[in-house]
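For reference, the structure is listed below as structure tokens.
The values are calculated or read from the model by the stated rules, or taken from the named source; none is laboratory data. Because the structure is predicted, anything quoted here is derived from the model rather than measured. Here the Cβ positions follow ideal geometry from the backbone for every residue, glycine too, while neighbour counts run over all protein chains shown. Keep in mind that these areas ignore ligands, DNA and RNA; they rest on the heavy atoms of the full protein, side chains included. Shrake-Rupley method; radii C 1.70, N 1.55, O 1.52, S 1.80 Å.
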Amino acid sequence: MDNILKRIAEQRQREEKLAWEGSFEEYLGMVRDRPELAQTAHSRVYNMIAGAGVEKDEQGNKEYRFFSRELFGLDRSIERLVEEYFHSAARRLDVRKRILLLMGPVSGGKSTIVTMLKRGLENYSRTDAGAVYGIKGCPMQEEPLHLIPHSMRPDVEKELGVRIEGNLCPSCRMMLKEEYGGRIEDVVIKRILFSEDDRVGIGTFSPSDPKSQDIADLTGSIDFATITEYGSESDPRAYRFDGELNKANRGLMEFQEMLKCDEKFLWNLLSLTQEGNFKAGRFALISADELIIAHTNESEYKSFIANKKNEALQSRIIVMPVPYNLKVSEEEKIYEKLIRQSDLGHIHIAPHALKAAATFSILTRLKDSKKQGMDLVKKMRLYDGKSVEGYKETDVEDLRNEHLDEGMSGIDPRYVINRISSALIRTEANYINALDILRSIKDGLDQHPSINKDERECYLNFISIARKEYDELAKKEVQKAFVYSYEESAKTLMDNYLDNVEAYCNWTKIRDPLTGEELEPDEKLMRSIEEQIGISENAKKAFREEILIRISAFARKGKRFNYNSHDRLREAIQKKLFTDLKDVVKITTSTKTPDENQLKKINEVIVTLVDKHGYTTASANELLRYVGSLLNR
Ligand SMILES: Nc1ncnc2c1ncn2[C@@H]1O[C@H](COP(=O)(O)OP(=O)(O)OP(=O)(O)O)[C@@H](O)[C@H]1O
Ligand SMILES: [Mg+2]
């Protein structure tokens, strides 16, 4: 309790420390030292994103850390958004005068992008790099440099190294005359801390009933309380500059469901956003320096552009597609995040269960390829960065270019999360596994409002593919666990193989440790291991020689070549061991009444599954039973 109160006090102190007030003269001095204080809203947003860091992978794909903390698998869309819109806009290219429209399928992350930008800007305005200053008393926290008369701007711009765009707002114009007697240097400037709750620098507009929608919500309105006092609608004191566009000045305004607005309203918006100015009441154009972000779905967008009447507005919009994520591993992260955020986090979800759900989701989003021999499962693997026999990295790019609208349809993450929740709530055990989730997804398809009969058929097929994929994983998991408890045998087998390879390559014999007898290298043993990883008769010599070279390379560095030194060889050994063990597994996992020895083995495997692979005892037991039944089919 004390702790909480202390933290609240600290927070207040931090905000108080950030507060700053001074004269216009002082502000000019600060801008001379740090011209970036006078940057545009777009430039501030770009610097905020870029400042959080960018990571590049081997293919040159960029990952912007600002977004990648919370958004998964949207790197390509984000890269495009940052580079084509934010970066160009920051460089004062024309795009900044356009409305940014994020277009994508339901719960594909559009709102999340906007929310991250909003919260990000609030925080950024509290840092040195993102500091914002405005005219004190201005309802639009206006850039103080607007005080400088147009005739003087070219000189001032040169001296300070900044660009000054925009006219002083009617309210400040009046204030300068009435309160400061025109003495610009005395005008009080203050630091602005963005806050959506306080309606400073961050705004949200969501359309209400189209018929009664009032443009005043955006641009402010006449103040009926003071109009009698000032007598004129063109007196700024009789006007409330409290529309969302006013309030969001210097920052960002979110325009929710923009295309649901009445046409007439949008036309109004058109004259309004034109060239970075908007018209309010009986005033000259008011300059707005803010980012306007709207979002919509594909079908709304299509019907919008189909309407010829919207052409003018269309050219003032920059559309950025935000399709669904298409990588299974990233989809799993989305579910993990959403489950963590829900109150279901305490129920155990067995390993690979979310992967099974993700496999299904991604399959529903992919489109068939015309490439020879390609199918959806292969495509899914390639997209997820896995290697698929016969295809290269460059093929992935081709696949992506085949359908430009891939990811614009399919199952949304929210549906899957709802089904997982429903499975979690229904379970009587304290865990759920892949089959529970897939079953729940299947049961839910009937109630899904936007799935027709054909799609349903198709989706049922995807569920069974996802299940097959899971079966393979489950088998491998048990195999690994069994082999783990046979690790000693694996090491012995490995040493045995290496002795034989050495003798084979050096044309020598092997001494039997028991009898001391000299033997030829055991070709059958070596082949039985090599065949596990597809090494042909012709390739065996090269493979063995490579192993020997590795061993001597290790020796030179004073290291011992062991079971874990060579990935492919380890895989071969494991597979060989498992082939030998298969019957043991089959029997141990499926007998109703295991004998003492079998019981011991089963317990060891369960311990391994719990300790090494993230199962609980109950879910591990169930996995064994399931795999046992699979092996006996
Ligand atoms: N690629 C993703 N990475 C991380 N989380 C995601 C991703 N896509 C969706 N989500 C999560 O799914 C939920 C729904 O996303 P969000 O509300 O941002 O979607 P939206 O595109 O605005 O949807 P709608 O069209 O329904 O408004 C959010 O909790 C969001 O965090
Ligand atoms: Mg949304």
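Quick notes on this one:
- Residues that are assigned to a loop (DSSP other than H, G, I, E, B) and closer than 24 Å to LEU285 by Cα within the stretch 167-193 comprise ASN167, LEU168, CYS169, GLU179, TYR180, GLY181, GLY182, ARG183, VAL187, listed in sequence order.
- GLU604 being farther than 30 Å from TYR626 by Cα, out of contact with any strand residue (DSSP E or B) (no Cβ under 8 Å at 6 or more places or on another chain) and either in contact (Cβ under 8 Å) with a residue 12 or more places away in the chain or open to solvent by less than 50 Å² (accessible area, probe 1.4 Å) (or both): no
- Residue check, ILE164 touching a residue at least 24 places away in the same chain (Cβ under 8 Å), part of a loop (DSSP other than H, G, I, E, B) and crowded, with 16+ Cβ neighbours inside 10 Å: yes
- Taking every residue in the stretch 92-116 that is farther than 17 Å from ILE49 by Cα and more than 9 Å from ligand 2 (Cβ to nearest atom) and pairing it with any residue that is acidic (Asp, Glu) and open to solvent by less than 40 Å² (accessible area, probe 1.4 Å), at least 6 positions away or on another chain, the pairs with Cβ-Cβ distances below 7 Å are PRO105/ASP412.
- If you filter the stretch 62-78 down to residues that are more than 8 Å from ligand 1 (Cβ to nearest atom), closer than 17 Å to LEU326 by Cα and open to solvent by 40 Å² or more (accessible area, probe 1.4 Å), you find that the one that is farthest from the chain's Cα centre (by Cα) is LYS62.
- Those helices (runs of 4 or more DSSP H) of the stretch 267-346 in which at least 1 residues are hydrophobic (A, V, I, L, M, F, W, C) and within 12 Å of ligand 1 (Cβ to nearest atom), considering only elements entirely within it, cover 328-341.
- Filter result (aliphatic (A, V, I, L, M) and within 12 Å of ligand 1 (Cβ to nearest atom)) within the stretch 93-107: LEU102, MET103, VAL106
- Filter result for the condition that a residue is within 23 Å of ARG98 (Cα to Cα), at pLDDT below 95 and either more than 16 Å from ligand 1 (Cβ to nearest atom) or exposed (fewer than 15 other Cβ atoms within 10 Å of the Cβ) (or both), over GLU15, GLU84: GLU84
- Within the stretch 1-116, strands (runs of 3 or more DSSP E) holding 3 or more residues that are under 29 Å from ASP186 (Cα atoms): 21-23
- Filter result for the condition that a residue is surrounded by fewer than 19 Cβ atoms within 10 Å (Cβ to Cβ), away from ligand 1 (no atom under 16 Å from the Cβ) and at pLDDT 95 or above, over VAL132, VAL188: VAL188
- Cross-chain or 6+ apart pairs with Cβ under 8 Å, the stretch 55-71 first and in contact (Cβ under 8 Å) with a residue 60 or more places away in the chain, then within 16 Å of ligand 1 (Cβ to nearest atom): GLU70/THR112; GLU70/MET116; GLU70/LYS337
- If you check GLU530, GLU546 for being surrounded by 12 or more Cβ atoms within 10 Å (Cβ to Cβ) and touching a helix residue (DSSP H, G or I) at 6+ places or on another chain (Cβ under 8 Å), only one passes: GLU530.
- The set of residues in the stretch 108-128 that are open to solvent by less than 30 Å² (accessible area, probe 1.4 Å), within 12 Å of ligand 1 (Cβ to nearest atom) and small (Gly, Ala, Ser) comprises GLY108, GLY109.
- Pairs linking a residue in the stretch 322-351 that is free of Cβ contacts under 8 Å to residues at least 24 places away in the same chain to a residue that is more than 10 Å from ligand 1 (Cβ to nearest atom), with Cβ atoms under 7 Å and 6 or more positions apart or on different chains, are GLU336/LEU354; GLY345/ILE339.
- Checked against (1) in contact (Cβ under 8 Å) with a residue 24 or more places away in the chain; (2) touching an Asp or Glu at 6+ places or on another chain (Cβ under 6 Å), ALA466 passes all but condition (2).
- Qualifying positions in the stretch 377-390 - open to solvent by less than 50 Å² (accessible area, probe 1.4 Å) and more than 23 Å from the chain's Cα centre (by Cα): VAL388
- Sole exception among (1) within 16 Å of ligand 2 (Cβ to nearest atom); (2) more than 22 Å from TYR133 (Cβ to Cβ) for MET253, by number: (2)
- Evaluation of PHE554 against the conditions (1) part of a helix (DSSP H, G or I); (2) hydrophobic (A, V, I, L, M, F, W, C); (3) closer than 28 Å to HIS613 by Cα shows that the sole unmet condition is (3).
- Scanning the stretch 574-601 for residues that are open to solvent by less than 50 Å² (accessible area, probe 1.4 Å), farther than 14 Å from LYS476 by Cα, part of a helix (DSSP H, G or I) and out of contact with any Gly (no Cβ under 9 Å at 6 or more places or on another chain) returns GLN598, LYS601.
- The set of residues from the stretch 208-254 being at pLDDT below 85, open to solvent by less than 30 Å² (accessible area, probe 1.4 Å) and over 20 Å from ARG282 (Cβ atoms) comprises just one member, GLN213.
Each row is one residue, and each column tells you yes or no for (1) part of a helix (DSSP H, G or I); (2) touching a residue at least 24 places away in the same chain (Cβ under 8 Å).
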{"position": "HIS448", "(1), (2)": "no, yes"}
{"position": "LEU460", "(1), (2)": "yes, no"}
{"position": "LEU473", "(1), (2)": "yes, yes"}
{"position": "GLU477", "(1), (2)": "yes, yes"}
{"position": "LYS480", "(1), (2)": "yes, yes"}
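- The set of residues in the stretch 599-630 that are hydroxyl-bearing (Ser, Thr, Tyr) and under 36 Å from the mean Cα position of the chain (by Cα) comprises THR608, TYR615, THR616, THR617, SER619, TYR626.
- Scanning the stretch 396-430 for residues that are open to solvent by less than 20 Å² (accessible area, probe 1.4 Å) and more than 16 Å from ligand 2 (Cβ to nearest atom) gives VAL396, LEU399, GLU406, GLY407, ILE411, VAL416, ILE420, ALA423, LEU424.
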